[in-house]
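Working notes for the structure below.
Readers should treat all values here as calculations from the given coordinates under stated rules, not as data from a laboratory. Please read these numbers as outputs of a predicted model, since none were measured by experiment. Note: ideal-geometry Cβ built from the backbone for every residue, glycine included; neighbour counts use all protein chains shown.
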Ligand SMILES: [Zn+2]
């Protein structure tokens, strides 16, 4: 049984897909106005792992993630850099996708851009206006939160509580300070024609529209995103979906925790914001992935030099064991067919089935690595082969790739020489060869 913590009910629930054997998964994507923050990599890694897990279990997964390529920050970047909004968006989107690839995440099946879906956005907003859930004031369109009966269902609060806490906004156009913009009348930057005049859409509408137009249904299985998007973004998505289609948009809402640096929130004011590209360059994409998966996706992921270096070291241990096993199998010159330890794999799958517990799944990987090293020392090839393939399957499910080392004829000769020299008691010479083999990662 697969279970997930559903943010909508605050409970761990059994996962039952809408269509048997299929999973519809939507994750809020980035706003491409600057280099991707390191924190942006967490949903990229977490939900890619979820997708790989489902795929391993033979589910057909459709993964959609949007690209916000128009908003205030993006327009400001364009003005500052003296470029068009499209140039800015394309440049930073490329940077983001480069980071996605480097942490071994597959690209989503669909990556709709807001600017390419303007007609559907305008149609959707018009529908909300027609139904009385939105109102037009001087070229702006706002969503009427007071009309959304279940507003606060995801965040588990009441509209009344929010009103007490809401600061009095200066925007006198709104009927209530809680109302949010669906369409913004704009003077600067790129704009589109609409029934309400020139402007651009608000952020909260795009995900609802993308889900409806790509999945061709008003309710999907899983909606994911960072914990910081829960309110107001996801609450507002649900309010719009309820208003138009009477659905909560998704049956399961999954939120990943924050990424902290030295136990501190990354923020511009503290000056500790890290770009994804820099962290990936420093430690490598695989180590970044490995480190993030070492923490359960709902807990905060704390990162610093020490944590990243230790992740790198642990990952290296796994790769070394795989290398040695692979080299040994090639030296034996036998055809070792794939053989899996079912017990280990089923324990591994159980951990992931339990609210995607990658942290516990990794401890099983460590166990198998230890066993493999033991089998290598004992020269027990039956176990070496079994543990090698078991380990490979496990890391593949987590999206960690292993590049098999190829033993050349020359390498084989080196191995033979090494054995011979040891037998002859020429330890000094043997050690020289051992060093060469070790530098190739073969020992
Ligand atoms: Zn969204």
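Annotations for the structure displayed:
- Peptides 58-69, 394-405, 38-49 ranked from most to least packed give 38-49, 58-69, 394-405, packing being the mean of other C-beta atoms within 10 angstrom over each peptide's residues.
- In Å, descending, principal axis extents of the Cα set of the chain: 93, 50, 36
- Taking other C-beta atoms within 10 angstrom as a stand-in for reagent exposure, 409, 16, 364, 238 fall in the order 409, 16, 364, 238, fewest first.
- Span from the region 171-247 Cα centroid across to the region 264-285 one, whole angstrom: 29
- Estimated from helical segments only, the mean residue ellipticity of the chain at 222 nm is -15500 deg cm²/dmol, where each DSSP H run of four or more residues counts as -39500 (n - 2.57).
- Stretching the chain fully between residue 423 and residue 366 yields a gain of 17.1 nm (0.36 nm per residue, less the alpha carbon separation).
- For region 330-362 and region 21-64, distance of Cα centres in Å: 22
- DSSP beta bridges in the chain [antiparallel fraction, %, rounded to 5]: 45
- Ordering of 367-380, 418-431 by packing [mean C-beta count within 10 Å, highest first]: 367-380, 418-431
- Each DSSP beta bridge with both residues in region 4-135 is either parallel or antiparallel, and the antiparallel ones are about 25%.
- Enclosed volume per residue, in Å³, of the convex hull spanned by Cα atoms of region 178-230: 143
- Most tightly packed first, judged by the mean number of other beta-carbon atoms within 10 Å of their residues, the peptides 149-157, 220-228 read 220-228, 149-157.
- Region 16-153: C-alpha gyration tensor shape, a/c 1.5 cut-off, then a/b vs b/c: oblate
- Gyration tensor (alpha-carbon) shape descriptor, region 222-350, a/c threshold 1.5: oblate
- Residue with peak Gaussian network fluctuation, the chain [Cα springs, cutoff 10 Å], from 251, 262, 357: 262
- By definition, a body whose alpha carbon gyration tensor gives a ≥ b ≥ c is oblate when a/c is 1.5 or more and a/b is not larger than b/c, and region 306-397 fits this oblate description.
- Angle between the chain longest axis and helix 409-423 axis [Cα atoms, degrees, rounded to 10]: 50
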